[in-house]
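Participant: What follows is a structure written as structure tokens; I'll ask about it next.
The values are calculated or read from the model by the stated rules, or taken from the named source; none is laboratory data. Fair warning: this is a prediction, and the values are worked out from it, not measured in the lab. When we count neighbours, we look across all protein chains shown, and the Cβ atoms used for this are built from the backbone with ideal geometry, even at glycine. These area figures cover heavy atoms from the full protein model, side chains too; ligands, DNA and RNA do not enter into them. Shrake-Rupley method; radii C 1.70, N 1.55, O 1.52, S 1.80 Å.
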Amino acid sequence: MPLHLPPAPAPALRSVLTALGSPTAVGEAPVSALRAHQGPLSPDHPLPVHVWDDVSRAGGTPHTRLAGWRFLVRGGERAVATAETVLTADGWTFGRFCGGPYVAATEQALAQAESLATPYQPRLLSVPELYMLTLWLHHDLGSDGAQGLPAPRDLLVPLAPAPPGIAAHRPQRIADLLPRLTLRLAPAPLLAEPA
């Protein structure tokens, strides 16, 4: 089933296109695959990036906030980097190019999501408390990508590397994954002192 990508804000896309068209921005990027690529680079798969700051809060619905938009940067047939945009007082602006394992992991998770029987709107969900990034497959296809809270029937696909005890690239309903995430953040029990 095809994914329903939300449209990125036009200024966010323009800022990425400007950065990709700048030899200085590309040449100074801390991503060797981006610097070494010969040929055209293009932004692909715009994904809103939401942050889940309160995963350790017991009970209730998860609260997220939009932190930016991330684009896969294609160099030929594969993604060589990501380009991130952030919202400033002046509007959407280019933030940085990134490399590392999440580039290929995002591409893999999107391919996995394309093969699911149910259509979803893809987003990225960052869980800073666990140093974790997931592909969030949201059920509301009509959303603009900036709004909406995780719903129990939404899926999360933890990207590799995932925290210990969390399987990377295994789609899981939020309702099923949430208890394991909060357990990972629970303080260790105090041991009784010997008498």
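Listed here are the residues, each with its yes/no results for (1) surrounded by 20 or more Cβ atoms within 10 Å (Cβ to Cβ); (2) β-branched (Val, Ile, Thr); (3) modelled with pLDDT of 95 or more.
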site	(1), (2), (3)
GLY39	no, no, no
ARG65	no, no, no
LEU72	yes, no, yes
VAL80	yes, yes, yes
ARG96	no, no, yes
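Participant: Given the options ARG96, ARG70, ARG78, name the one that is of a type in the set (D, E, K, R) and within 14 Å of the chain's Cα centre (by Cα).
Facilitator: ARG70
Participant: Specify the residue that is farthest from ARG153 (Cα to Cα); the eligible residues are those in the range 41-63 that are of a type outside the set (A, V, I, L, M, F, W, C) and modelled with pLDDT of 90 or more.
Facilitator: SER42
Participant: Determine which member of the set ALA113, ALA160, ALA117, ALA104 is open to solvent by 20 Å² or more (accessible area, probe 1.4 Å), of a type outside the set (Asp, Glu) and touching a strand residue (DSSP E or B) at 6+ places or on another chain (Cβ under 8 Å).
Facilitator: After applying the criteria, what remains is ALA104.
Participant: Might you let me know whether the range 81-95 holds any residue that is closer than 14 Å to LEU156 by Cβ and in contact (Cβ under 8 Å) with a residue 60 or more places away in the chain?
Facilitator: No, the range 81-95 contains no residue that is closer than 14 Å to LEU156 by Cβ and in contact (Cβ under 8 Å) with a residue 60 or more places away in the chain.
Participant: Listed residues LEU183, LEU155, LEU159; which is at pLDDT below 85 and of a type outside the set (Lys, Arg)?
Facilitator: One residue alone meets the criteria, LEU183.
Participant: Another question about this same structure. Of the conditions (1) more than 28 Å from ASP176 (Cβ to Cβ); (2) out of contact with any Leu (no Cβ under 9 Å at 6 or more places or on another chain); (3) in a loop (DSSP other than H, G, I, E, B), PRO7 fails just one. Which one is it?
Facilitator: (2)
Participant: If you don't mind, another one. So, of the residues in the range 165-180 that are assigned to a loop (DSSP other than H, G, I, E, B) and open to solvent by less than 90 Å² (accessible area, probe 1.4 Å), which turns out to be modelled with the lowest pLDDT?
Facilitator: So, considering only residues that are assigned to a loop (DSSP other than H, G, I, E, B) and open to solvent by less than 90 Å² (accessible area, probe 1.4 Å), the one modelled with the lowest pLDDT is GLY165.
Participant: On to the next question. Over 24 Å from PRO161 (Cβ atoms) and in contact with a helix residue (DSSP H, G or I) (Cβ under 9 Å, 6 or more places away or on another chain), is that true of PHE94?
Facilitator: Yes; evaluated as a whole, the condition is true for this residue.
Participant: In this structure, is GLU107 acidic (Asp, Glu), more than 13 Å from the chain's Cα centre (by Cα) and within 19 Å of PRO158 (Cα to Cα)?
Facilitator: Spelling it out, it is not the case that GLU107 is acidic (Asp, Glu), more than 13 Å from the chain's Cα centre (by Cα) and within 19 Å of PRO158 (Cα to Cα).
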